[in-house]
Structures are given as structure tokens and as C-alpha cells.
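To keep things clear, I will list the structure first and then write my remarks on it.
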Amino acid sequence: MHYTRVMQLTERQKKTLRRLGHALNPVVALGNHGLTEAVVAEMDRALTDHELIKVRARVGERDDRNVVLTALAERTGSALVQRIGNVGLYYRRHPTLARIILPD
């Protein structure tokens with residue numbers, strides 16, 4: 001499943017999601033093979049199940065990692081809430097049953 005646009009969040013919403021994501025462990029990991037269809041499919045499934053997830057990207061240098069983390073958000077229709085080192089925090093609201101209520 002490919003999405004055409006990245007979610008937009010306010011700073012207040014990002015702050016709420018960063019607080020909720022602090023205790024999470026990465027559920028998806030990118031390795032030597034980089035951004036594959038299998039990784040995108042796994043991330044899509046994880047976002048549907050959890051709405052808020054962490055992804056570990058161990059790919060090349062900082063610029064390469066930033067490109068991959070941004071591409072993941074685009075390809076899954078999610079928002080890259082935060083990136084620290086090689087870990088990105090992503091959010092995508094569940095289409096029918098939202099578990100996380102964000103402030104306006």
C-alpha cells in the first residue's frame with residue numbers, strides 16, 4: 001500500500017507523541033539492505049496495529065539515514081514525529097479505531 005502524502009502534525013501534537021513514544025522500543029529495523037518493500041510492509045502493519053512506533057535505521061551516514069527515514073514516512077502515509085540518532089518515531093492514525101487522541 002502506497003500513500004501519496006505525509007501526515008502533518010502541530011508542534012503540540014508532536015510533543016504529545018514524543019512523550020508517549022519515549023518508553024517504546026523499536027519494532028522495525030532497517031539494515032544492510034536498506035529500504036525494501038518488506039520493510040515498508042512491516043512498518044505499515046505495525047502502524048496499523050499500534051499507531052505510534054519506533055524504527056531503527058542502521059544505514060550509512062547521517063544524510064543517508066535522514067533520506068531513508070523521510071522516505072518511510074512518505075511510503076507509509078505516516079508522520080516522522082522525531083528522529084534521534086538512528087531511531088525515528090512515526091505516527092499514523094488508525095483509519096477506523098484511533099487509540100491515541102491528539103490535542104487540536
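The condition (being out of contact with any Ser or Thr (no Cβ under 7 Å at 6 or more places or on another chain) and assigned to a helix (DSSP H, G or I)) is satisfied by just one residue among A73, A29, A23: A73. Among the residues of segment 1-47, the ones that are at pLDDT below 95, among the hydroxyl-bearing types (S, T, Y) and either surrounded by 13 or more Cβ atoms within 10 Å (Cβ to Cβ) or farther than 19 Å from H94 by Cα (or both) come to 2 in all. If the condition is being open to solvent by less than 30 Å² (accessible area, probe 1.4 Å) and in a loop (DSSP other than H, G, I, E, B), then segment 48-70 contributes E51, V59.
The values are calculated or read from the model by the stated rules, or taken from the named source; none is laboratory data. Note that this is a predicted model, so its numbers are computed, not measured. In this analysis, Cβ positions are derived from the backbone assuming ideal geometry, glycine residues included, and neighbour counts consider all displayed protein chains. In case anyone asks, the SASA skips ligands and DNA or RNA and just uses the protein heavy atoms, side chains included. Shrake-Rupley method; radii C 1.70, N 1.55, O 1.52, S 1.80 Å.
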